[in-house]
1. Considering segment 21-51 alone, what residues qualify as being within 14 Å of residue 84 (Cα to Cα) and either without any contact (Cβ under 8 Å) to a residue 24 or more places away in the chain or touching a Gly at 6+ places or on another chain (Cβ under 9 Å) (or both)?
2. For segment 33-65, what are the residues that are surrounded by 14 or more Cβ atoms within 10 Å (Cβ to Cβ) and in a loop (DSSP other than H, G, I, E, B)?
3. Output the number of residues of segment 37-60 satisfying the condition of being closer than 20 Å to residue 89 by Cβ and at pLDDT 90 or above.
4. For segment 54-76, enumerate the residues that are farther than 18 Å from residue 23 by Cβ, in contact (Cβ under 8 Å) with a residue 12 or more places away in the chain and among the hydrophobic types (A, V, I, L, M, F, W, C).
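The values are calculated or read from the model by the stated rules, or taken from the named source; none is laboratory data. Everything numeric here is computed off the predicted structure, so don't read it as measured data. Methodologically, a virtual Cβ is constructed for each residue, glycine included, from the backbone with ideal geometry; neighbour enumeration extends over all protein chains shown.
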Amino acid sequence: MNLAFNRARRTERDVCELLGLAKGLLADGVVTEAEAVMLRDWTRRHPDAHEHWPISALCQRLDRAFADGVIDETERLDLVDLLESLVGGKARVIAGADAATELPLDSAATHCHLARVSFRVHWEVCVRPPEGM
């Protein structure tokens, strides 16, 4: 089989799995230290996905948070914000909506039009580092 095809399918599966994990972690509105460690361990078990957004953004955030060996409350709150951005917000998780997750690319985006092609750009999750970092 085509290795590139299989890799693309694995990456898509990993992104879907990550979004499901994020929804589960956010179900109670907090991310504990144990949950953050579990999420970091999950990213380590999926190295092929590290170069693809949103997993790349999560890996960068987790690397910064665990740089000193522990994740403090401020870093966990920042992780909650990132995960909420990835799954489309807190209200959908609390409401128990089981519809497909929308990535933040689908809302509050800048519209760009080039000839007959249009696309959206969303920067907040990927570019903006947490306050104080």
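1. Within segment 21-51, 21, 24, 27, 28 qualify.
2. Selection gives 46, 52, 53, 54.
3. 1
4. Scanning segment 54-76 gives 59, 65, 66, 70, 71.
Table: residues versus (1) aliphatic (A, V, I, L, M); (2) exposed (fewer than 14 other Cβ atoms within 10 Å of the Cβ); (3) assigned to a loop (DSSP other than H, G, I, E, B); (4) at pLDDT 90 or above.
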{"site": "67", "(1), (2), (3), (4)": "yes, yes, yes, yes"}
{"site": "74", "(1), (2), (3), (4)": "no, yes, no, yes"}
{"site": "77", "(1), (2), (3), (4)": "yes, yes, no, yes"}
{"site": "85", "(1), (2), (3), (4)": "no, no, no, no"}
{"site": "92", "(1), (2), (3), (4)": "no, no, no, no"}
{"site": "105", "(1), (2), (3), (4)": "yes, no, no, no"}
{"site": "108", "(1), (2), (3), (4)": "yes, yes, yes, no"}
{"site": "111", "(1), (2), (3), (4)": "no, yes, no, no"}
